[in-house]
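The structure under discussion appears below in the form of structure tokens.
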Amino acid sequence: MCGIVGLYLKTPKLESQLGTLLAGMLETMTDRGPDSAGFAIYGTDTDANGVKLTLRGPDAASLDEAVTALEAHLGTSVARTGRDTHSVLSLSAEQEKAVRDWLAAERPGIDVVGTGSRMEIYKEVGLPAHVAARFDLAGMTGTHGIGHTRMATESAVTTNGAHPFSTGADECLVHNGSLSNHNDLRRRLRREGLSFATANDSEVAAGYLSWRMREGDSLQQALEASLSDLDGFFTFVVGTKSGFAVLRDPIACKPAVMAETDDYVAFGSEYRALAGLPGIENARVFEPEPAKVYAWERH
């Protein structure tokens, strides 16, 4: 049993409140997942040739040391925003491979948990409210975000097992459920050039969607294809650079509720995650149908 939340803003009206609203939603789902928590925020875009890398270290000091050594290797300073055990580096696209190669060779304990021009990912072991506070989620702004609270019923309580999972630029996924064919699918995707950092089935689902979109599918098409290629039960909430989508499997045994107003679309595993949102009393509240893709995108 886990908790999922998501908030997609249709207009700039609430962008300054995105972090505060998402933090409240995440904390409400604590009893569905007290082991660990994480979230992705889609905030300020980089320039046309820029990329953000979200790094995670075992502690803030180790991460700071690694970034300082990286700067020495590159021979230049790197714009960075440190938040506890995570740090977001702002790089040119040409630097990304060199940074990844150096980290893998020289600082294997530092993980790259997300990349893209807008997306930042933060996740840690602990109660959702504590995780949100450590990274100052309430102070973040942006257009949309997704979050997850985990109850580890099938694997150890680790930061690597926490959601969201990201396997493509500005792409991430949170998942409530269990996939039965993830090991076979992981092998297939590795032959397609994908790599995985964990044994978690949710990372495989994220990788599957990234692969489909890399092959030319839209997010909607990738999610529709997942209905036949993924076995098990699942609710997915997915974020991309400009979009937000929700999908439940054909049985839809996991709880889910959505609310839509002129200003936002919100998702929660339970309605109480949405109850504090502005204007919720006038929202269209509904349960997403099984095997139907719900998607929104800013253009």
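The values are calculated or read from the model by the stated rules, or taken from the named source; none is laboratory data. Bear in mind that the values here come from a model prediction, so they are computed numbers and not experimental data. Don't worry about glycine lacking a Cβ; one is built from the backbone with ideal geometry, like all the others, and counts go over all protein chains shown. Note: accessible area is taken over every heavy atom of the protein model, side chains too, but ligands, DNA and RNA are not part of it. Shrake-Rupley method; radii C 1.70, N 1.55, O 1.52, S 1.80 Å.
Points to keep in mind about this one:
- Loop-resident GluC sites (Glu not before Pro) (DSSP state other than H, G, I, E or B) in the range 144-241 with no more than 15 further Cβ atoms inside 10 Å of their Cβ: GLU154, GLU192, GLU215.
- The accessible area of CYS2, taken with all protein chains in place and a 1.4 Å probe, comes to roughly 20 Å².
- Counting only residues at least eight positions apart within a chain, or on another chain, the lysines with an alpha carbon under 23 Å from that of LYS13 are LYS241.
- Calculated mean residue ellipticity at 222 nm for the chain: -8000 deg cm²/dmol, from DSSP H runs with n ≥ 4 weighted as -39500 (n - 2.57), summed, divided by the residue count and rounded to 500.
- Reduced Cα scattering model of the range 1-159, Debye log10 I(q)/I(0), q = 0.11, 0.17, 0.18, 0.19 Å⁻¹: -0.45, -1.00, -1.09, -1.16
- For the chain, a simple Cβ point-charge model (Lys and Arg +1, Asp and Glu -1, everything else neutral) yields a dipole of about 200 debye relative to the Cα centre.
- Full extension of the chain between THR76 and ASP47 yields a length gain of 8.6 nm, computed as 0.36 nm times the residue separation minus the alpha carbon distance.
- Scaling against 2.2 N^0.38 Å puts the C-alpha radius of gyration of the chain at 0.94.
- Percent of C-alpha pairs per 10 Å bin in the range 70-163, short distances first: 13, 43, 31, 13, 1.
- Label-point separation, TRP296 to ASP31 (7 Å along Cα→Cβ), nm: 2.8 nm
- Restricting the calculation to Cα atoms, every distinct pair contributes to the Kirkwood radius of the range 1-59, found to be 13.9 Å.
- Extension gain, ALA133 back to TRP102 (0.36 nm per residue minus Cα-Cα distance, nm): 8.1 nm
- Accessible solvent surface per residue of the chain, calculated while the other protein chains remain in place, 1.4 angstrom probe, Å²: 40 Å²
- Centre-to-centre, using Cα atoms only, the range 31-57 and the range 130-168 are separated by 8 Å.
- The chain: relative contact order in percent, alpha carbon pairs under 8 Å with at least 6 residues between: 25 percent
- Relative contact order, percent, the range 170-299 [alpha-carbon distance under 8 Å, six or more residues apart]: 26 percent
- Treating r as the C-beta distance of ALA225 and ASN282 and R0 as 45 Å, the FRET efficiency rounds to 0.80.
- Percent accessible area from carbon and sulfur atoms, the chain, protein chains only, probe 1.4 Å: 49 percent
- Between ALA61 and PHE196, the FRET efficiency estimated from the beta carbon spacing at R0 = 30 angstrom works out to 0.60.
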